[in-house]
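The structure appears right after this line, and notes come after that.
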Amino acid sequence: MANKPLLIFDFFGVVIGEVAHRWLRTHLDETHAQHIIDTILVIGDEGKLSEEELFLALEKETGIPASQIKTDWDVLGALNLETVNFIKKHKNDYHFALLSNAIRSYIYRFFERDHTNELFDDVFISSDIKLAKPNPAIFQYVLDHVSHPFSKAYMIDDSKHNLEGAKKVGIETIHFTSIKDVENALAKSR
């Protein structure tokens, strides 16, 4: 039997609602929000900050209490049922991996709440690997460590910026706007 294609899903903005970037852009001007995304969030994603340190750094930058930011973020992370149903429907057609820029303790709260980690054959979290998207090395790490052989790999992410890193290691990319667009892109690539 031929190896199945590997679909690598981003988490925030694909499996559940976008959290950090959405919250920052709602509460801050674009320049300040982007500065935090490019600095504090990257440092957290690379495993150089604990979850508590991240929220305290955000409190210092925004003036909003860390506890309020954490509560707001938890609410924003609503489950995308269309994505979940797509994965469940196609379990026999593809291998599924998750690659997320996140701090382990933070993302695991969503895993415990929704059991989303159980949808995937492999789960890769940037803070564990000490690399973050769009660094091509994190995509190569995933390709080197997935548990199943695969015929072709696709990265599905709501960030075009992150997809650039995947392209550099030969992964086909699909910009996520809806699961229907993912289905259409996969159908066209066959």
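Before moving on, here are some points about what is shown:
- Of all the criteria given as (1) within 30 Å of K88 (Cα to Cα); (2) assigned to a loop (DSSP other than H, G, I, E, B), the one not satisfied by T71 is (2).
- Residue check, I36 in contact (Cβ under 8 Å) with a residue 24 or more places away in the chain and touching a Gly at 6+ places or on another chain (Cβ under 7 Å): no
- Some residue of the range 110-123 being part of a loop (DSSP other than H, G, I, E, B), open to solvent by less than 60 Å² (accessible area, probe 1.4 Å), under 22 Å from W73 (Cβ atoms) and β-branched (V, I, T): no
- Within the range 43-58, the set of residues being part of a helix (DSSP H, G or I), over 9 Å from K130 (Cα atoms) and touching a residue at least 24 places away in the same chain (Cβ under 8 Å) comprises G44, E51, L54.
- Residues within the range 13-35 that are buried (at least 19 other Cβ atoms within 10 Å of the Cβ) and either touching a Cys at 6+ places or on another chain (Cβ under 9 Å) or β-branched (V, I, T) (or both), tallied: 4
- Within the range 153-190, tally of residues that are more than 14 Å from the chain's Cα centre (by Cα), farther than 20 Å from T83 by Cβ and modelled with pLDDT of 95 or more: 5
- Single residue of the range 48-85 satisfying the filter (acidic (D, E) and more than 17 Å from I107 (Cα to Cα)) that is most open to solvent (accessible area, probe 1.4 Å): E82
- Top-ranked residue of the range 89-109 - restricted to ones that are open to solvent by 10 Å² or more (accessible area, probe 1.4 Å) and in a helix (DSSP H, G or I), ranked as farthest from S159 (Cα to Cα): K89
- The residue of the range 158-174 that is surrounded by the fewest Cβ atoms within 10 Å (Cβ to Cβ), among those that are touching a strand residue (DSSP E or B) at 6+ places or on another chain (Cβ under 7 Å) and not in a loop (DSSP other than H, G, I, E, B), is K160.
- Residue within the range 86-109 that is within 19 Å of I8 (Cβ to Cβ) and among the β-branched types (V, I, T) present: yes
- Residues of the range 74-88 satisfying the condition of being assigned to a helix (DSSP H, G or I), of a type outside the set (D, E) and modelled with pLDDT of 95 or more: L81, T83, V84, N85, F86, I87, K88
- Of the residues V146, V142, the single one that is more than 24 Å from G17 (Cα to Cα), open to solvent by less than 30 Å² (accessible area, probe 1.4 Å), out of contact with any helix residue (DSSP H, G or I) (no Cβ under 8 Å at 6 or more places or on another chain) and of a type in the set (V, I, T) is V146.
The values are calculated or read from the model by the stated rules, or taken from the named source; none is laboratory data. As the structure is a computational prediction, the values presented were derived from the model and not from experiment. Cβ sites come from the backbone with ideal geometry, for glycine too, and all protein chains shown count toward neighbours. SASA here: full protein model, heavy atoms, side chains in, ligands and nucleic acids out. Shrake-Rupley method; radii C 1.70, N 1.55, O 1.52, S 1.80 Å.
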